[in-house]
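Written out below as structure tokens is the structure these notes cover.
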Amino acid sequence: MRGLCVVIPACDEAPRLPAVLAPLAAVPEVERITVVDDGSRDGTAAVAREWGVRDPRIRVLRLPENRGKGAAIVAGAEASPGDLVVLLDADLLGLEAQHVRDLALPVAEGGCDMTVGIFREGRLATDLAQSAAPILNGQRALRWSLFRDTPGLVGCRGGAEVALSRHARRRGYRVLRVPLRGMTHVMKQEKRSRLAGRLAHLRMFGEIFRYLLRKVGA
């Protein structure tokens with residue numbers, strides 16, 4: 001599994017980013033780890049640079065303003081030296097080296113074109129959310145050459161996962177769901193006040209619906 005690259009879109013994730021970067025140190029198959037700082041107002045980029053001193057595979061790519069997850073994914077994937085790309089959120093809890101291998105190996109071996117991770121046995125709230133809407137999970141592995149031309153990906157902001165999944169379905173790509181046992185993530189309402197978290201959730205779903213409506217009407 002040579003040439004494996006990891007892309008981590010991150011906006012204001014300085015306190016949570018180390019829990020994602022630390023397990024990646026135990027994955028020697030990874031050639032490059034690109035943290036895309038999507039216009040953060042905290043020390044996200046500084047944290048990533050500190051980890052880059054310890055592990056030269058870690059690079060930081062800063063976007064001058066917040067452009068959304070889709071644009072961050074594109075920027076990170078385009079800067080990656082390999083075609084096999086694993087996408088990881090910056091707020092994961094319970095990430096282990098084997099999770100990364102489980103996502104990447106089916107694509108590397110040609111068994112599918114994209115894997116989509118599904119949280120299992122992490123905690124009830126995120127397990128239920130994954131069961132209800134597995135398409136929204138951001139933990140994926142794919143061949144970037146197959147997804148580079150995903151329609152609207154750069155501008156879809158929080159609809160990135162939906163955009164990638166729709167592109168795979170339209171092209172007839174093989175998609176495999178991979179259970180990620182013991183993994184969960186920090187929910188939006190846990191990062192902010194309850195009201196701010198709910199507003200962030202509403203904004204995310206609004207971005208998804210806008211993407212879907214734009215593509216349906218295209």
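Before moving on, here are some points about what is shown:
- The conditions of being over 29 Å from residue 96 (Cβ atoms) and either modelled with pLDDT under 95 or among the polar types (S, T, N, Q) (or both) are not met by residue 124.
- Single residue of 75, 71 found to be farther than 12 Å from residue 34 by Cα and among the small types (Gly, Ala, Ser): 71
- Qualifying residue in the range 87-109 (condition: more than 19 Å from residue 159 (Cα to Cα) and among the polar types (S, T, N, Q)): yes
- On inspection, residue 6 passes the criterion of being in a strand (DSSP E or B) and either farther than 28 Å from residue 123 by Cβ or not acidic (Asp, Glu) (or both).
- Residue within the range 85-105 that is within 18 Å of residue 149 (Cα to Cα) and β-branched (Val, Ile, Thr) present: yes
- Of all residues in the range 140-180, those being out of contact with any Ser or Thr (no Cβ under 9 Å at 6 or more places or on another chain), in a strand (DSSP E or B) and among the aliphatic types (A, V, I, L, M) number 1.
- Qualifying residue in the range 38-50 (condition: closer than 19 Å to residue 141 by Cα and touching a residue at least 12 places away in the same chain (Cβ under 8 Å)): no
- From the options 42, 37, 12, residue that is part of a loop (DSSP other than H, G, I, E, B), of a type in the set (D, E, K, R) and crowded, with 16+ Cβ neighbours inside 10 Å: 12
- Boolean, residue 60 is over 22 Å from residue 164 (Cα atoms) and crowded, with 16+ Cβ neighbours inside 10 Å: yes
The values are calculated or read from the model by the stated rules, or taken from the named source; none is laboratory data. Keep in mind it's a predicted model, so treat the numbers as computed, not measured. Backbone-built Cβ (ideal geometry, glycine too); neighbour counts: all protein chains shown.
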